[in-house]
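J.: Here you go, one structure.
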Amino acid sequence: MATIVSKRLRKTDIEKRMTIPSKSLNCFPALSGNEHMVDFDVRDECGSVWKFRIYTRKSNNKYRKPVLTKGWRQFVCRKELSIDDKVEFYMDKQQADGSVVYRVTVQKAVKVFGAVFAHKPFS
């Protein structure tokens, strides 16, 4: 399983949408033609499937600024994510049919006197 994105969440990631590094965009489902968004499924560590949307700027700008929109806030609320928690997205290629399965894991921040001390897996 290859890690696509490993990110410590910030305020905007929690309250609105999660920004994705542009260099990781090619690991997610491809945008077709002139499309600037694509929906895809992601399985979490509990086996639940989440439907997310990657959205980029409409123009063919060099800096597309990909973000996760649709489904992301529901995921944040259900997992009770907060600033400094960590999420990781993985791409897992299936051997038989060549399809790709996406996975996400959550690690909750362990804070001591307001500073992040460690991250523990979501349970």
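The values are calculated or read from the model by the stated rules, or taken from the named source; none is laboratory data. Because the structure is a prediction, the values reported are computed rather than measured. Note that we place each Cβ from the backbone using ideal geometry, even for glycine, and neighbour counts take in every protein chain shown. Calculation scope for accessible area: heavy atoms of the full protein, side chains included, ligands and nucleic acids excluded. Shrake-Rupley method; radii C 1.70, N 1.55, O 1.52, S 1.80 Å.
J.: Can you name every residue in region 108-120 that is at pLDDT 70 or above, open to solvent by 50 Å² or more (accessible area, probe 1.4 Å) and touching an Asp or Glu at 6+ places or on another chain (Cβ under 8 Å)?
T.: Across region 108-120, the qualifying residue is only K111.
J.: What is the one condition in (1) under 13 Å from Y102 (Cβ atoms); (2) loosely packed, with under 15 Cβ neighbours inside 10 Å that T12 does not satisfy?
T.: For T12, the exception is condition (1).
J.: Are any of the residues in region 63-76 modelled with pLDDT of 95 or more, in contact with a strand residue (DSSP E or B) (Cβ under 7 Å, 6 or more places away or on another chain) and over 23 Å from N34 (Cα atoms)?
T.: yes
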